[in-house]
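Student: The structure that follows is given in the form of structure tokens.
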């Protein structure tokens with residue numbers, strides 16, 4: 001039966017995590033129609049203490065700051081072969097070929113389908129945001145999770161997946177069946193620790209097979225290289241360390257957008273006490289001259305240029321003072337309400353890079369809590385600064401105060417407390 005869904009579109013604005021109104025994981029980023037589309041899995045709570053994923057959304061952005069939620073594109077209840085009691089719609093991928101968008105996803109098969117365990121299905125659409133129509137049956141001969149699809153320069157497309165190792169095979173022209181026997185691709189790699197979530201890409205003639213691997217206690221991101229889409233691949237090592245939060249999983253994709261390479265991945269920043277509710281992130285990725293990948297360090301600031309006229313969440317900082325500044329949830333019972341920055345004493349500061357000022361600002365609006373009032377210094381790291389005085393507030397309040405001496409252009413901001421203590425700021429906005 002064709003999948004018929006009403007598509008709802010919501011606008012979201014965030015740094016890391018990219019999406020802050022729901023849990024998202026396992027992001028595959030693709031460039032379609034001049035935008036970045038991210039296809040993640042969707043974590044929800046089922047009171048099972050385990051992963052629970054029932055459907056898929058897709059998100060798009062032109063600036064990597066403002067994201068459009070296009071709503072549900074595939075729901076487990078609408079896929080004939082899926083066991084919808086399993087709630088196991090895990091890490092997906094999407095691909096465009098021959099005028100059609102293909103969406104690939106794993107799920108546990110219904111026993112009535114004649115298939116046991118995890119299989120990988122496909123759905124199709126004429127747009128990158130769906131809705132997608134799922135195939136009646138999964139891809140024959142493929143048993144596992146975490147599908148990834150790659151098309152080489154010669155037009156040949158490959159399917160990769162995990163399941164007791166990393167596997168790959170050629171896809172047929174219809175993109176719905178494999179034409180070669182599955183090949184194990186990681187037999188010469190370290191075998192200790194779970195290996196899953198393959199992602200293949202090519203750069204300057206080098207084929208990169210990347211995947212999460214449990215190195216010590218949780219998953220780091222590792223890579224290998226070869227000169228052929230099906231290997232052999234030489235193991236190179238870690239390019240993102242295990243996350244300090246203890247989030248057991250990581251899952252990623254790598255994409256070049258407007259000349260810059262980006263790593264999309266996930267951690268549990270919006271759910272620090274339960275790592276089965278995760279959130280997608282993005283940071284820039286760089287290569288050395290020999291093609292090796294430089295290690296990526298997860299940041300709060302993330303990517304993209306923020307407009308000075310938008311509300312800037314300075315808690316998603318680029319850097320922070322070693323003492324006197326801390327980050328906390330606005331509401332620990334509702335982490336989707338975001339974070340606040342706490343300044344406890346003089347000389348506490350936070351910096352936030354890449355803010356675009358279309359004109360010299362005349363005022364700054366701040367959502368603040370400061371029971372005794374405070375004075376801050378705003379610097380744009382190009383030698384220009386302005387002091388602002390915050391009136392005392394007994395509760396959270398939006399205040400507007402004048403600024404002077406700042407100029408237009410792309411700026412890196414630094415906000416320092418120079419008089420006062422115990423000040424909390426949710427966001428700042430320039431006018």
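Readers should treat all values here as calculations from the given coordinates under stated rules, not as data from a laboratory. Every value quoted in this text rests on a predicted model; they were computed, and no experiment measured them.
Student: Just subtract the alpha-carbon distance of residue 86 and residue 258 from 0.36 nm times their residue separation and send over the number in nm, one decimal.
Tutor: Values: separation 172, 0.36 × 172 = 61.92 nm, distance 3.94 nm.
Here the answer is 58.0 nm.
Student: For segment 125-232, how big is Rg over Rh, using alpha carbon atoms and the Kirkwood form of Rh?
Tutor: With Rg and the Kirkwood Rh in hand, the quotient comes to 0.98.
Student: Contact order normalised by length for segment 306-430, with contacts defined as Cα pairs under 8 Å and 6 or more residues apart; what percent is it?
Tutor: 35 percent
Student: Rank 290, 310, 186 by mean-square fluctuation in a GNM of the chain with C-alpha springs under 10 angstrom and give only the top-ranked residue.
Tutor: 290
Student: Using a/c under 1.5 as the rounded threshold, could you call segment 58-168 rounded, prolate or oblate? The axes a ≥ b ≥ c are square roots of the C-alpha gyration tensor eigenvalues, and prolate needs a/b larger than b/c, oblate otherwise.
Tutor: oblate
Student: Once a ≥ b ≥ c are taken as the square roots of the eigenvalues of the Cα gyration tensor of segment 10-285, is the result rounded (a/c under 1.5), prolate (a/b larger than b/c) or oblate (a/b not larger than b/c)?
Tutor: Verdict is rounded for segment 10-285.
Student: Assign one of three labels to segment 210-322, namely rounded, prolate or oblate, based on the Cα gyration tensor with a ≥ b ≥ c the square roots of its eigenvalues; rounded applies when a/c is under 1.5, prolate when it is not and a/b is larger than b/c, and oblate otherwise.
Tutor: oblate
Student: Any idea how far the Cα center of segment 370-393 sits from the one of segment 9-33, in Å?
Tutor: For segment 370-393 versus segment 9-33, the Cα centre distance is 32 Å.
Student: Which whole-number value in Å³ per residue fits the convex hull of the alpha carbons of segment 312-400?
Tutor: Spread over its residues, the Cα hull of segment 312-400 gives 121 Å³ apiece.
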